[in-house]
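Novice: Just passing along the structure, written as structure tokens.
The values are calculated or read from the model by the stated rules, or taken from the named source; none is laboratory data. Given the structure is predicted, the values throughout are model-derived calculations rather than measurements. Backbone-built Cβ (ideal geometry, glycine too); neighbour counts: all protein chains shown. To get the accessible areas, we keep the full protein, side chains included, count just its heavy atoms, and leave off ligands, DNA and RNA. Shrake-Rupley method; radii C 1.70, N 1.55, O 1.52, S 1.80 Å.
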Amino acid sequence: MQTVEQDYEKYVGQVAEPPRVARYAVNDAMIRNWVEAHDDFNPIYVDVEAARETGRDSVVCPPAMISTWIMAGYRRWREVQRKRTEGVVEDFAYSRMLADLDREGFTSVVATNVEQDYHRELVPGDHITAHYTIESVSQIKRTGLGDGRFFTLYKRYEDQNGEVVAEERFRMLRFNPNTDKETR
């Protein structure tokens, strides 16, 4: 009989979900909204002449903005939550793994850290696709939030030509918020 630990090993190395293709190309308006929201005054993000003075052809996208281009949007989030409530598991590894974590009582989530490597700057007109792989799933850990499992998604971001523009490791903790507080 397999243990719970072995069950999660089956997810490691699997494609997490279908590739996420950005709904919009990298564009000046979204870059401007991002830098204004973050109070970032670096002129190479909004001023073509300032960007050219640094040897660039045009404005560039803030590197930390990479994941915003492939976000699915609020409708998709609501759909996922509805399916989760109904017990529907989509036919890809990430959905199956999350359903297993739910069954194990690990129903809450918190992002713990992210590591990103940038291969080149994004410019307006780039169209991004992200490929996700489940890189690791931990054994059950006792944390201040409750018992849970850490897992890492590896994301490879490509442009419209299939060139890798960034890589990311995104770690999350799925935990049981009802873990006995005396045992934490």
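Novice: For Arg96, what is the net charge nearby, where nearby means another residue's Cβ is under 15 Å from its Cβ and Lys, Arg count +1, Asp, Glu -1?
Specialist: -2
Novice: Candidates [x] 1.21; [y] 1.01; [z] 0.96; which is the computed Cα Rg over 2.2 N^0.38 Å?
Specialist: Derived directly from the coordinates: [x].
Novice: Continuing with this model, one more query. For the range 128-184, take the convex hull of the Cα atoms, compute a quarter of its surface area, and give me that in nm², please.
Specialist: Result: a mean projected hull area of 4.3 nm².
Novice: Residues of the range 65-83 with the amide nitrogen closer than 19 Å to a label point 7 Å from the Cα of Glu36, along Cα-to-Cβ, please.
Specialist: Taking a point 7 Å out along Cα→Cβ of Glu36, the residues of the range 65-83 whose backbone N falls under 19 Å are 65, 68-69.
Novice: Summing Lys, Arg as +1 and Asp, Glu as -1, what charge do residues with Cβ under 11 Å from the Cβ of Val46 carry, Val46 excluded?
Specialist: Local net charge: -4.
Novice: Separate question: Compute the Cα gyration tensor for the range 1-61, then decide on rounded, prolate or oblate, letting a ≥ b ≥ c be the square roots of its eigenvalues: rounded whenever a/c is under 1.5, prolate when a/b is larger than b/c in the other cases, and oblate in all that remain.
Specialist: prolate
Novice: If we count every other residue with Cβ under 14 angstrom of Asn33's Cβ, Lys/Arg +1 and Asp/Glu -1, where does the sum land?
Specialist: -3
Novice: While we're here: Give the calculated FRET efficiency between Arg103 and Arg78 to the nearest 0.05, with a Förster radius of 30 Å applied to their Cβ-Cβ distance.
Specialist: The pair Arg103/Arg78 has a calculated efficiency of 0.85.
Novice: Please give the contour-minus-distance gain from Glu90 to Met71: 0.36 nm per residue of separation, less the Cα-Cα distance, rounded to one decimal in nm.
Specialist: Difference between extended and current length: 5.0 nm.
Novice: In the chain, carbon and sulfur make up what percent of the accessible area (probe 1.4 Å)?
Specialist: 51 percent
Novice: In whole Hz, with x marking every Gly and Pro, tabulate ³J(HN,Hα) for the range 90-100 from phi via Karplus 6.51 cos²θ - 1.76 cosθ + 1.60, θ = phi - 60°.
Specialist: 6, 8, 8, 4, 5, 5, 5, 5, 5, 5, 4
Novice: Hey, another quick one. How do Lys10, Lys83 stack up against each other in accessible area, from largest to smallest, with a 1.4 angstrom probe?
Specialist: Order by accessible area, largest first: Lys10, Lys83.
Novice: Only Cα pairs within less than 10 Å get springs; with that Gaussian network setup on the chain, which residue of Val88, Val60, Val26 has the largest fluctuation?
Specialist: Greatest mean-square fluctuation among the candidates belongs to Val88.
Novice: Let me ask another. For Val114 and Ala50, compute 0.36 nm times the residue count separating them, minus their Cα-Cα distance, and round to one decimal in nm.
Specialist: Gain on stretching Val114 to Ala50: 20.0 nm.
Novice: For the chain, find the longest principal axis of its Cα atoms and tell me its angle to the long axis of helix 74-86, 0 to 90°, nearest 10.
Specialist: Tilt relative to the chain: about 10 degrees.
Novice: For the chain, set up a Gaussian network in which alpha carbons nearer than 10 Å are linked by springs, and say which option among Tyr94, Tyr74, Tyr45 fluctuates the most.
Specialist: For the chain, modelled as a Gaussian network with Cα springs under 10 Å, the answer is Tyr74.
Novice: When the chain is treated as a GNM, springs tying every alpha-carbon pair under 10 Å, which of Asp100, Asp40, Asp126 comes out with the largest mean-square fluctuation?
Specialist: Highest fluctuation among the options: Asp40.
Novice: Taking only pairs that are 8 or more places apart or on different chains, how many Lys pairs in the chain have Cα atoms under 25 angstrom apart?
Specialist: Lysine pair count for the chain: 6.
Novice: Let me have the relative contact order for the chain, percent, based on Cα pairs under 8 Å that are six or more residues apart.
Specialist: Reported relative contact order: 27 percent.
Novice: For the chain, what is the calculated [θ] at 222 nm in deg cm²/dmol (nearest 500), taking -39500 (n - 2.57) for each run of four or more DSSP H residues and dividing by its residue count?
Specialist: -7000 deg cm²/dmol
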